[in-house]
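The values are calculated or read from the model by the stated rules, or taken from the named source; none is laboratory data. Just so we're clear, the structure is a prediction, and the values are computed from it rather than from any experiment. No Cβ is skipped: glycine too gets one built from the backbone with ideal geometry, and neighbour counts run over all protein chains shown.
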Amino acid sequence: MLVPREPGVAPGQNLWAGEKGVKNKSGREKIKVLGIAASPRRGGNTDILLDRVLEGAASRGAEVEKVVLRGFNIEPCRECNSCQKTGQCVVEDDMQLLYSKIEEANALILASPIFFMSVSAYAKAFIERCQAMWARKYVLGRPLGKESTRSRRRGMFICVGATKGSRLFEGAILTMKYFFDAIDMQYHSNLLYRNVEDKGEIKDHPEALEEAFKAGQELVDFEKEPLHVSEMMSVRPTIEDTLKAQKGRQRCTPLSA
């Protein structure tokens, strides 16, 4: 069960923590899933969808944890390039609490609404500060994550936008493509909804909530191959197409108001 703590508390306490340190029936450690809530609005549409995805992952035995970025003090990257020498970021703020969580996760889900055709400022600062992980991977040649799980790290993107534009998510998806590459995760899937704006409006669409739950289950099913990023970027069905294709639905769904 997820237990929220409000922002404004001591650094590192703004975590929604699931069951930890528990092994599954086979004796192996559970898959760790880290959810990053990057909306400035608590209880909004991406927040709700992220909770459903985490619930889906937990239903398959995963250990889930949720971080709400709004409660963290994270500066943007200073472009000092110190990380290219050490692999470590020199900025001493709350991002230092998250690096190990990113590296330990088998799957990471970033949830953000669209802001000016991209992700939120909270998400952008978080992503920029992962430059240190990019430097470790590409400049210093140091692998990320545990050796036993290095080939089984997945990233998922949840995004909601208020307009109906067919290219609404393209900028954000491109950002996520390079973000997941930087933290050495395979870009597994998207959960995208356009034409949704009011706080909590996504609750009026139970099919979206069910889709999010199933997406969480699929995220931790390492037996299945993910979509290629180019396939995810090209998926743009209309609401009519979605209603006609209840089976094998694509994960980019415009919802009528």
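A search for C-beta distances below 8 Å between a residue of the stretch 140-169 that is over 30 Å from Asn81 (Cβ atoms) and any residue that is part of a loop (DSSP other than H, G, I, E, B) and at pLDDT below 80, counting only pairs 6+ apart in sequence or on different chains, returns Arg152/Phe222; Ser166/Arg236. The residue that is nearest to Lys164 (Cα to Cα), among those in the stretch 190-227 that are part of a helix (DSSP H, G or I) and of a type in the set (Lys, Arg), is Lys203.
Quick one: in the stretch 184-215, of everything that is in contact with a strand residue (DSSP E or B) (Cβ under 7 Å, 6 or more places away or on another chain), under 17 Å from Val33 (Cα atoms) and not hydroxyl-bearing (Ser, Thr, Tyr), which residue is surrounded by the most Cβ atoms within 10 Å (Cβ to Cβ)? Looking at the filtered set, the residue picked out is Leu191.
In the stretch 62-72, which residue that is of a type outside the set (A, V, I, L, M, F, W, C) and touching a residue at least 60 places away in the same chain (Cβ under 8 Å) is surrounded by the fewest Cβ atoms within 10 Å (Cβ to Cβ)?
Arg70
Kindly indicate whether Ile158 is β-branched (Val, Ile, Thr), crowded, with 21+ Cβ neighbours inside 10 Å, more than 18 Å from Ile48 (Cα to Cα) and touching a helix residue (DSSP H, G or I) at 6+ places or on another chain (Cβ under 7 Å). Judged against the criteria, Ile158 is not a match. When Ala125 is tested against (1) part of a helix (DSSP H, G or I); (2) free of Cβ contacts under 8 Å to residues at least 60 places away in the same chain; (3) in contact with a helix residue (DSSP H, G or I) (Cβ under 7 Å, 6 or more places away or on another chain), only condition (3) is not met. Filtering the stretch 172-189 to residues that are touching a residue at least 60 places away in the same chain (Cβ under 8 Å), in a helix (DSSP H, G or I) and either touching an Asp or Glu at 6+ places or on another chain (Cβ under 6 Å) or farther than 21 Å from Gly141 by Cα (or both) leaves Ala172, Ile173, Met176. Filtering the stretch 191-233 to residues that are among the hydrophobic types (A, V, I, L, M, F, W, C) and modelled with pLDDT of 85 or more leaves Leu191, Leu192, Val196, Ile202, Ala208, Leu209, Ala212, Phe213, Ala215, Leu219, Val220. Among the residues making up the stretch 1-59, those that are under 22 Å from Glu103 (Cα atoms), at pLDDT below 50 and aliphatic (A, V, I, L, M) are Leu2, Leu15, Ala17, Val22.
Provide a single number: the residues in the stretch 103-120 that are outside any loop (DSSP other than H, G, I, E, B) and surrounded by 21 or more Cβ atoms within 10 Å (Cβ to Cβ). Break it down stepwise before answering.
Our first condition is that a residue be outside any loop (DSSP other than H, G, I, E, B); within the stretch 103-120, this holds for 103-104, 107-113, 115, 118.
In the following step, the residues that additionally are surrounded by 21 or more Cβ atoms within 10 Å (Cβ to Cβ) were identified as 107-113.
Of the residues in the stretch 103-120, 7 are outside any loop (DSSP other than H, G, I, E, B) and surrounded by 21 or more Cβ atoms within 10 Å (Cβ to Cβ).
Candidates in the stretch 48-61 are the residues that are in contact (Cβ under 8 Å) with a residue 60 or more places away in the chain and either in contact with a His (Cβ under 8 Å, 6 or more places away or on another chain) or among the charged types (D, E, K, R) (or both); of these, the one that is farthest from Glu104 (Cα to Cα) is Arg52.
Is there a residue being out of contact with any Gly (no Cβ under 6 Å at 6 or more places or on another chain), aromatic (Phe, Trp, Tyr) and surrounded by fewer than 15 Cβ atoms within 10 Å (Cβ to Cβ) anywhere in the stretch 121-131? The answer is no, given that none of the residues of the stretch 121-131 is out of contact with any Gly (no Cβ under 6 Å at 6 or more places or on another chain), aromatic (Phe, Trp, Tyr) and surrounded by fewer than 15 Cβ atoms within 10 Å (Cβ to Cβ). For the stretch 73-102, a tally of residues being assigned to a loop (DSSP other than H, G, I, E, B) and surrounded by fewer than 21 Cβ atoms within 10 Å (Cβ to Cβ) returns 17.
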